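Heads up, the thing below is written out as structure tokens.
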2 protein chains.
Amino acid sequence: MPLSQKRISGPVRKAKIIQSAASLFAKKGFSGTKTREIAQRAGVSEALIFKHFPSKEDLYAAILAEESPVPGLLSKIRSLAEQQKDVEVFSVIAQTVVGGAPDSDLMRLILFSALENHEMSDMFFHNHIRVFYDFLAGYIQQRIDDGAFQPVQPLIAARAFMGMLIYHRLLTVLFQAQLPQTAEDISRTFVNLMMNGLKLPSPKGAVRRSGQTNKPRTRTARKV
Amino acid sequence: MPLSQKRISGPVRKAKIIQSAASLFAKKGFSGTKTREIAQRAGVSEALIFKHFPSKEDLYAAILAEESPVPGLLSKIRSLAEQQKDVEVFSVIAQTVVGGAPDSDLMRLILFSALENHEMSDMFFHNHIRVFYDFLAGYIQQRIDDGAFQPVQPLIAARAFMGMLIYHRLLTVLFQAQLPQTAEDISRTFVNLMMNGLKLPSPKGAVRRSGQTNKPRTRTARKV
DNA sequence: TAATATTGTAAGTGAATACTCACTATATTG
DNA sequence: CAATATAGTGAGTATTCACTTACAATATTA
């Protein structure tokens, strides 16, 4: 076995190409990224890329199929949810997102692929984003049934909360629109607003109900 | 004056080109759109485009410079804000956004230009988005000073509310992720959550404060 | 109406771009 | 070692792209 090997194994090279391509696609999108640049960054000839992937399109699909930030977060909050630790559930989600997940490259990759309406984008949405919403909405529904939250449409509430977080990341990633506060302060404020918002109205002062009655609704197929 | 004129005036042609280009840039982004397509859609020769715009880049800039949804909304809510009609202020904003503004094309145009980090994107952010945030945060600050809202960082609260709305539109535009409820129901729920969230905690049950003290803060330059 | 300005185009041009081909170099294995 | 599979490349190729050039048609005006 020679000290300095002159050849790298197939799978390793392939991974290196994927990695180089991913950061370029994230920065410039699909049509903005040239196969020549990818080859350069991966330190190989352009021809080698096409030995591993039939086309640029296939390479792009391979990248989108790999990434996924959701399952980790989901497993983290599942146990907290079982213990009905409302504040903790929302706090963990907020801290995760505000703290920087998904990272800048992945956010951009998802946005680009959604805008360029690549088919993988729909897959990503259904397999990851939607799974997460179903979980969060289910939790909110349960806490409403418990009488802990005011009766709101759980899917809308879930979307509202995730909206605060993801939009905040969006402004950060796309416009470098940082806020002066620390990530922790920011997520604490988001959670505070949300918990307060979901809280049952105090018995005295009647508060406007949103468009839902008090009686438990039949659970129809959820949209996200 | 002939019945069927064979030539169209310069400015009109120019507008037609801008319009055709805008919808294509919105659909495919800058590098995904070809000047040939633009010419075809506008019903002119490719050469004519370059008579009106020195380069594709200049055409793109002209489009981004034109669009702006913010001023209309701002003028609408200013008077409501003066009358301190909290629910109405937030409702008008919510209904406007959830109801479909900015429209799909403009949303995509803004996102694309931000991702492809066109310089016009920063301009757009500073001249329009930020102006709006400053107004909304100012309003929230004032209502805190009035003792009507709990003390939160007004910029974070503004971002939270706009996050609910814009993110909702984003899911709609990018993933066709519609919710079963009507636009009105959805915005009512958003407003309900936000107003409840901003409300002063009931005097008895102490509620966790977010990362801000009660004393009025010196107003430093705002970030959004 | 003659001169001039405006609106328009067909037919390029050179530079990129995704992808191929023919071939070499390095491993692995019987 | 011989045979074969694996990893790799330089030099294309056909096509596409943003942009130009040279020129024509139609208005406007002196």
So what is the 222 nm mean residue ellipticity for the protein assembly as shown from helices alone, if each DSSP H run of at least 4 adds -39500 (n - 2.57) and you divide by all residues, rounding to the nearest 500 deg cm²/dmol? -20000 deg cm²/dmol
Using only Cα atoms, tell me the angle between helix B:56-66 and the longest principal axis of chain B; keep it within 0 to 90° and round to the nearest 10. 40
Simple spin-label estimate for A:GLN84 and B:ASP58 in nanometres, 7 Å along Cα-Cβ: 6.8
For the residue pair A:ASP146 and A:ASP105, what label-to-label distance in nm results when each label sits 7 Å from Cα along the Cα-to-beta-carbon direction? 3.9
Extent along principal axes [Cα atoms of the stretch B:1-78; Å; largest to smallest]: 48, 38, 20
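Can you pull the Kirkwood radius for chain B, inverse mean 1/r over Cα pairs, to one decimal in Å?
Hydrodynamic radius (Kirkwood, Cα only) of chain B equals 20.2 Å.
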Counting other chain Cβ atoms within 10 Å of each Cβ in A:128-134 and taking the mean gives 1
Once the convex hull of the C-alpha atoms of the stretch B:55-132 is built, how many Å³ does it hold per residue, rounded to a whole number? 84
What whole-number value in cubic angstrom gives the convex hull volume per residue for the C-alpha atoms of the protein assembly as shown? 209
When you look at the Cβ of every residue in A:102-112, what mean number of other chain Cβ atoms sits within 10 Å? 1
Order of B:VAL152, B:VAL92 under a 10 Å beta carbon neighbour criterion, fewest first: B:VAL92, B:VAL152
Measure nothing fancy, just the Cα-based angle from helix B:10-28's long axis to the longest principal axis of chain B, in degrees from 0 to 90, nearest 10. 60
Cα centroid of the stretch A:69-130 to Cα centroid of the stretch B:58-91, whole Å: 31
Which FRET efficiency value, to the nearest 0.05, do you get for A:SER75 and B:LYS16 by plugging their Cβ-Cβ distance into 1/(1 + (r/R0)^6) with R0 = 60 Å? 0.65
If the chain between A:GLU66 and A:MET123 were fully stretched, how many nm would it gain, using 0.36 nm times the residue separation less the Cα-Cα distance? 19.3 nm
Mean Cβ neighbour count within 10 Å, used as a protection proxy, ranking A:193-199, A:174-180 highest first: A:193-199, A:174-180
Among A:SER91, A:SER187, A:SER31, residue whose mean-square fluctuation peaks in a GNM of chain A (springs only between Cα atoms under 10 Å): A:SER31
Quick query: amide H of A:LYS199 versus all other amide H atoms, modeled in the peptide plane; which residues come in under 5 Å with a sequence gap of 5 or more or a different chain? A:GLN150
Counted neighbours (other Cβ, 10 Å), sorted fewest up, put B:LEU48, A:LEU109 in the order B:LEU48, A:LEU109
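Taking the number of other C-beta atoms within 10 Å as the exposure measure, put A:PHE124, A:PHE132 in order starting with the fewest. Mind showing how you got there, number by number?
On the way: A:PHE124 22, A:PHE132 19.
Going from sparsest to densest Cβ surroundings: A:PHE132, A:PHE124.
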Quick one: Karplus J couplings for the stretch B:179-189, per residue in order, coefficients 6.51, -1.76, 1.60, θ = phi - 60°, nearest Hz, x for Gly and Pro? 9, x, 6, 6, 4, 5, 4, 5, 5, 4, 5
Which whole number gives the average count of other chain Cβ atoms within 10 Å of the Cβ atoms across peptide B:53-64? 0
Once Lys and Arg are counted +1 and Asp and Glu -1 for all other residues with Cβ under 15 Å from that of B:PRO69, the total becomes 0
Among A:LYS56/B:LYS51; A:LYS27/B:LYS34; A:LYS14/A:LYS56; A:LYS14/A:LYS34; A:LYS27/A:LYS56; A:LYS14/B:LYS27, the pairs whose Cα-Cα distance exceeds 23 Å are A:LYS56/B:LYS51; A:LYS14/B:LYS27
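We did not get these values from a lab; they are worked out from the coordinates using the rules stated. Just so it is clear, the structure is predicted and the values come from calculations on it, not from any experiment. Note: ideal-geometry Cβ built from the backbone for every residue, glycine included; neighbour counts use all protein chains shown.
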